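Asker: Can you keep this structure in mind? I'll have questions shortly.
FYI, it's all coordinate maths here, none of it is from the lab. Quick caveat, the model's predicted, so the values are computed rather than measured. Note that we place each Cβ from the backbone using ideal geometry, even for glycine, and neighbour counts take in every protein chain shown.
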Amino acid sequence: MKTQSTLSPWHYVVFCLLMITAISLKALHADNPVTKSLPGVYTNLSIFDFLSRNNEPLGDFQSITIPLKRAGRLFLIEARIDDQVGNLIFDTGASGLVLNKTYFRKYVSNEKPTGGGITGVFNKISTIVVRRIDISGMYYENVVADITDLGHIENRRGVKILGLFSLNMITNFEVVFDANNSELQLNRIDKLGNRLNHSLPEIKFSFVQKLETQHNIMIIKGRIGDKMMNFCLDTGAESNVISSSVSRKVMNTVQINRRSGLGGAGGGSVDVLYGTMKEFEFGDHQFGSMETVITNLDAMSEAYGCVIDGMLGYDFWQKGIFCLNFAKHEISFSTGKGAAK
């Protein structure tokens, strides 16, 4: 049994888009808005000009299904970013697109202030602009991204990781995430959140609950025992997490299995407890046993501006089919065919 584990990539970028400064990127040639010989350089446009459109998906489709690959407990999306081909981790715990410095180090960048994560250590983060991202017939143009070193994820999983595909890239869609069948379906919606493609078969969901967002992070209300708690939803988390500051009554519902080290993004490590969460309830549905880690989430709560009692990752998504509708502020769940019980 390994004694070192790594959680979600979310803690690499807790402050990813919180402290962006409006710094203009100047082109080398004034008559050309994009300098072809030097990727990521634009003229007379500030980062904020790009932010207003960097998550607008383009392409001639109303619905698209993106196949997901797996690397351990991570879900991967094949993508082309400018001249690089590789994988993006599907990570709704990242507040903005994050790219691996290994492949984008030649881009003109602006270094950003950073904060602390679970282990209190961060790599330096800089901001760049990429011209185009292509994913399964969908594409984005002029995308603002943070870059940092993600080489440790590549080394651990043995696959090429271009970066983290974040929540703000898909908030214009109705999102159907079927972890068991390794599929991500994106449906275009109107301003009210209704599907534009009426030919799609409807999924009968077991329940519909309120979905909140804080700084482009999804938050739901879950119950353990008689205690209502705030949980962050993170498709990039390889384990669930419970804050070490929850009440003793909640903690007594978790079966502790071992104590070990938790590796952070910048090489730091903290001591955490590993256990099994047995009494988590969401939308009157009991989710059964799920692996969990117990550690301090104070830095995460401070970053999001609200108390975060826990984070729901891989084991949670394996329990069924989830539908996220940001226009309606709803999350729906179904224990449909192929869903874990």
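Asker: Taking amide H positions as placed in the peptide plane 1.01 Å from N, state which residues far from ASN257 in sequence (5 or more) or on other chains have amide H under 5 Å from it.
Answerer: TYR274, GLY275, THR276
Asker: Can you work out the FRET efficiency for the pair ASP134 and LEU192, with r the C-beta to C-beta distance and R0 = 22 Å, to the nearest 0.05?
Answerer: My answer for the efficiency is 0.15.
Asker: Along the Cα→Cβ direction, 7 angstrom out, place labels at GLN318 and THR102. What is the inter-label distance in nm?
Answerer: 2.6
Asker: Estimate the FRET efficiency between ASP298 and SER247 by the formula 1/(1 + (r/R0)^6), using the beta-carbon distance for r and 22 Å for R0, to the nearest 0.05.
Answerer: The formula returns an efficiency of 0.90 here.
Asker: Rounded to the nearest 20 Debye, what is the dipole magnitude of region 131-214 about its Cα centre when Lys and Arg each give +1 and Asp and Glu each give -1 at the C-beta?
Answerer: Working: 10 positive and 11 negative charges, 10 e Å.
Value, rounded to 20: 40 debye.
Asker: Looking only at region 310-327, which residues have a backbone nitrogen under 11 Å from a spot 7 Å from the Cα of ASN180 in the C-beta direction?
Answerer: 318-322
Asker: Hey, another quick one. At R0 = 35 Å, how high is the FRET efficiency between ASP60 and MET228 if r is their beta carbon distance? Nearest 0.05 is fine.
Answerer: For R0 = 35 Å, the calculated efficiency reads 0.20.
Asker: Between GLN255 and ILE203, 0.36 nm times their residue separation minus their Cα-Cα distance comes to what?
Answerer: Going from the current span to full extension adds 15.3 nm.
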